[in-house]
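Worksheet: the structure to be examined is printed underneath.
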Amino acid sequence: MRAGVFDSGVGGLTVTKSLMEHRLFDEIVYFGDTARVPYGTKDAKTIIKYSLEALEFLKSFDIDMLIVACNTASAHALEELRKNASFDIFGVIEPGVLAAINALDDKNSSILVLGTKATIASGQYEKLLRKNGYENIVSLAPTLFVPVVEEGLFEGEVLQSAIKHYFGGIRQNPDAVILGCTHFPLIAKAIQDYFPKSALIHSGDAIVEYLQTKCHLRPKANATTLTLLASDNLEGVKKTAQVWLEGLI
Ligand code: DGL
């Protein structure tokens, strides 16, 4: 089975890593729309247009399924994408919410949702969490984290200043932090250091759990082969993939 995995940039590699570790597919064709990243600062119409173009591009690789490894595209374009494909398309928001619910027994647990401006504005995480009885939610869009990650600054001064800038006002260690942007697992260590007692919810682990339980996907005998594609700076994507997917490619 060949899956297409799509993100606005390198963030979807964090989802790809989880998918490859669990050998859920024979092949993954990854497309990062690096020429147009970030999506998270754009309006819904643009996000839908770019996502549909990515879908058409990936269709030419004969994929059997599409994983939208971008929370922003999942928040705004999932419905439109599904109308335009004959195969299954999965986003990362519903799996992320289910993973948070699994991690938190108490409905009064405090949840910090991190995402891009567009993801937070969509209110998708909040809506689904509230529907499941969780009310103690703070949502935040640490916009600078995305360019920091695209620059490969996974640790150091620049990242620490951005973390202090966005998290400085949060007094309480949340019970869970939803990394509602696939770029954020690349800086998960720094986020976990800042909130040592929080359970971090990661889109990659969440979608693996979802595909295993809802679609009954089982590990393949052989390792997944990966094809990397990008609309710009493919070398940069490959470089991040070499570090992030070490031992898998
Ligand atoms: N990877 C995107 C997401 O998960 C964030 C990057 C962007 O703004 O395009 O929302």
Checklist outcome for this item: Pairs returned, first residue in the stretch 209-235 that is more than 12 Å from His22 (Cβ to Cβ), second residue that is in a strand (DSSP E or B), beta-carbon separation under 6 angstrom, 6 or more apart or interchain, are Thr225/Glu27; Leu226/Ile28; Thr227/Val29; Leu228/Tyr30; Leu229/Phe31; Ala230/Gly32
Checklist entry - Here is a list of conditions, (1) farther than 30 Å from Ile170 by Cβ; (2) in contact with a Gly (Cβ under 6 Å, 6 or more places away or on another chain); (3) part of a loop (DSSP other than H, G, I, E, B); (4) not polar (S, T, N, Q), and Lys107 meets all of them except one; can you say which number that is? => result (1)
Checklist entry - Applying the selection to the stretch 30-71, what residues are among the charged types (D, E, K, R), closer than 16 Å to Thr227 by Cα and within 13 Å of the ligand (Cβ to nearest atom)? => result Asp33
Checklist entry - Of all residues in the stretch 33-61, which are farther than 22 Å from Ile120 by Cβ, outside any helix (DSSP H, G or I) and either touching a Leu at 6+ places or on another chain (Cβ under 7 Å) or not hydrophobic (A, V, I, L, M, F, W, C) (or both)? => result Thr34, Ser60
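Those residues that are within 16 Å of the ligand (Cβ to nearest atom) and either among the basic types (Lys, Arg) or over 10 Å from Ala69 (Cβ atoms) (or both), I need them from the stretch 2-28; list them, please.
Result: Gly9, Val10, Lys17.
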Checklist outcome for this item: Every listed condition ((1) surrounded by fewer than 22 Cβ atoms within 10 Å (Cβ to Cβ); (2) closer than 27 Å to Ala44 by Cβ; (3) aliphatic (A, V, I, L, M); (4) over 16 Å from the mean Cα position of the chain (by Cα)) holds for Ile170 save (2)
Checklist outcome for this item: Going through the stretch 115-142 in order, the residues found to be surrounded by fewer than 18 Cβ atoms within 10 Å (Cβ to Cβ), within 15 Å of the ligand (Cβ to nearest atom) and not in a helix (DSSP H, G or I) are Gly123, Leu140
Next on the checklist: Can you tell me which of (1) modelled with pLDDT under 95; (2) farther than 23 Å from Leu159 by Cβ; (3) under 16 Å from the mean Cα position of the chain (by Cα); (4) not β-branched (Val, Ile, Thr) is the one Trp244 doesn't meet?
Outcome noted: (2)
Item to check | Flag if Leu112 is more than 21 Å from Gly9 (Cα to Cα), in a helix (DSSP H, G or I) and over 15 Å from the mean Cα position of the chain (by Cα) | outcome: no
Checklist entry - Does at least one position in the stretch 104-121 carry a residue that is in contact with a Ser or Thr (Cβ under 9 Å, 6 or more places away or on another chain) and among the basic types (Lys, Arg)? => result yes
Item to check | Residue satisfying condition, being in contact with a Leu (Cβ under 8 Å, 6 or more places away or on another chain), closer than 21 Å to Ala190 by Cβ and either within 12 Å of the ligand (Cβ to nearest atom) or touching a residue at least 24 places away in the same chain (Cβ under 8 Å) (or both), within set Ile93, Ile111 | outcome: Ile111
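The values are calculated or read from the model by the stated rules, or taken from the named source; none is laboratory data. These numbers come from a predicted model, not from an experiment. With ideal geometry, Cβ positions are generated from the backbone for all residues, glycine too; neighbour counts draw on all protein chains shown.
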